[in-house]
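The values are calculated or read from the model by the stated rules, or taken from the named source; none is laboratory data. Worth saying up front: this structure is predicted, and the values here are computed from it rather than measured. Note that each Cβ is placed from the backbone with ideal geometry, even for glycine, and that neighbours are counted across all protein chains shown. In case anyone asks, the SASA skips ligands and DNA or RNA and just uses the protein heavy atoms, side chains included. Shrake-Rupley method; radii C 1.70, N 1.55, O 1.52, S 1.80 Å.
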Amino acid sequence: MAALKKVLIAATVAAIAAFFGHVFLKINRLSLASREMPVKHLKCHYLPNIEYGAEDITVLKDGLAFLSTGLHDYLDMPSFSNEPGKMYVLDLLHPKPTPVELQIKGELDLSSFNPHGISVYTDEA
């Protein structure tokens, strides 16, 4: 009788495990977490002055892109540059886009400028 009880318990545990495994695989497939992405060979090129990448990029309707660089000392993430942050504008519609550094004026301490995120407000009027 004890052997039959052990077999029933083992079968029940196996059935529950199989059910949860099935649900997990179904959710994984629905979330597209393991899909294969087609490789698209883009015409990428190096942007001068953006050696360490852009922290954030915002693109406007007219093809102008604003880039912020120089994020460091954020959430204990490694910093690849000790330079202060900078802002650039890039015309994506130009055949050879080149980032142009924006001159920030005012009371801001540029030596400790550490941009994180970009928001742009466009007045349609």
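Things to note:
- Selection of the stretch 14-65 for residues being over 19 Å from the mean Cα position of the chain (by Cα) and among the polar types (S, T, N, Q) yields Asn28, Asn49.
- Listed by first and then second residue, the pairs linking a residue in the stretch 95-121 that is closer than 14 Å to Leu64 by Cβ to a residue that is open to solvent by 60 Å² or more (accessible area, probe 1.4 Å) and among the hydrophobic types (A, V, I, L, M, F, W, C), with Cβ atoms under 9 Å apart and 6 or more places separating them unless they lie on different chains, are Ile118/Ile57.
- Top-ranked residue in the stretch 59-103 [being open to solvent by less than 30 Å² (accessible area, probe 1.4 Å) and of a type in the set (Ser, Thr, Tyr); ranked as modelled with the lowest pLDDT]: Ser81
- Residue in the stretch 5-17 that is part of a strand (DSSP E or B), at pLDDT 85 or above and hydrophobic (A, V, I, L, M, F, W, C) present: no
- Positions within the stretch 38-58 being under 30 Å from Val89 (Cβ atoms) and open to solvent by 100 Å² or more (accessible area, probe 1.4 Å), in sequence order: Lys40, His41, Leu42, Lys43, Cys44, His45, Tyr46, Glu51, Tyr52
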